[in-house]
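One structure is given here, and the rest of the page talks about it.
The values are calculated or read from the model by the stated rules, or taken from the named source; none is laboratory data. Remember, it's a predicted structure, so these values are computed and weren't measured experimentally. When we count neighbours, we look across all protein chains shown, and the Cβ atoms used for this are built from the backbone with ideal geometry, even at glycine. The area values use the complete protein model at the heavy-atom level, side chains included, leaving out ligands, DNA and RNA. Shrake-Rupley method; radii C 1.70, N 1.55, O 1.52, S 1.80 Å.
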Amino acid sequence: AQLVESGGGLVRPGGSLKLSCEVSLTLKSFSNMGWYRRVPGKERELIARIGRGGVTNYIDSVKGRFTISRDYAKNAVYLEMNNLEPEDTAVYYCNQDPPIRPYWGQGTQVTVSL
């Protein structure tokens, strides 16, 4: 399977971005889907997940600002990010939760800066 992330970019603090993850297989073949991010020098971390039943979970630092969603018809997963902070600067990836190593894509860079 291929997972291709897009939608990143440079945005000012307080701005918004919506990331997309296109999945080459039918999305229903995956169990839980997640968005991850990696800051240089740190481990990649799971920041948001959505389960088969639609239940969502977030890490505290993005709760209330980020929203994960999916579209089975489009085989896509999204991450809407609002009120972005400089600390959100990272490369963002999507994958199953728990992740499947071969499915890691290139990610999409998000930079929050003045």
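Restricting attention to region 7-22, the residues being open to solvent by less than 40 Å² (accessible area, probe 1.4 Å) and either over 18 Å from residue 67 (Cα atoms) or not in a loop (DSSP other than H, G, I, E, B) (or both) number 6. Taken residue by residue, region 96-103 has no member that is surrounded by fewer than 17 Cβ atoms within 10 Å (Cβ to Cβ), over 13 Å from residue 19 (Cβ atoms) and of a type in the set (Phe, Trp, Tyr). Does residue 59 qualify as being surrounded by 16 or more Cβ atoms within 10 Å (Cβ to Cβ) and at pLDDT 95 or above? No, not satisfied. Filtered by the rule that a residue be in a strand (DSSP E or B), without any contact (Cβ under 8 Å) to a residue 24 or more places away in the chain and open to solvent by 70 Å² or more (accessible area, probe 1.4 Å), region 23-56 gives a lone residue, 45. Would you check which residues across region 104-114 are in contact with a strand residue (DSSP E or B) (Cβ under 9 Å, 6 or more places away or on another chain) and either open to solvent by 30 Å² or more (accessible area, probe 1.4 Å) or in a strand (DSSP E or B) (or both) and list them? Listed by number, the residues that qualify are 104, 106, 108, 109, 110, 111, 112, 113. The residues of region 57-70 that are of a type outside the set (D, E, K, R) and assigned to a strand (DSSP E or B), listed by number, are 57, 58, 66, 67, 68, 69. For region 62-81, filtered to residues that are closer than 12 Å to residue 21 by Cα and among the small types (Gly, Ala, Ser), the residue that is least open to solvent (accessible area, probe 1.4 Å) is 76.
Does residue 84 qualify as being touching a residue at least 24 places away in the same chain (Cβ under 8 Å) and either within 18 Å of residue 14 (Cα to Cα) or loosely packed, with under 15 Cβ neighbours inside 10 Å (or both)? Criteria met by residue 84. Residues that are basic (Lys, Arg) and more than 14 Å from the chain's Cα centre (by Cα) do not occur anywhere in region 60-73.
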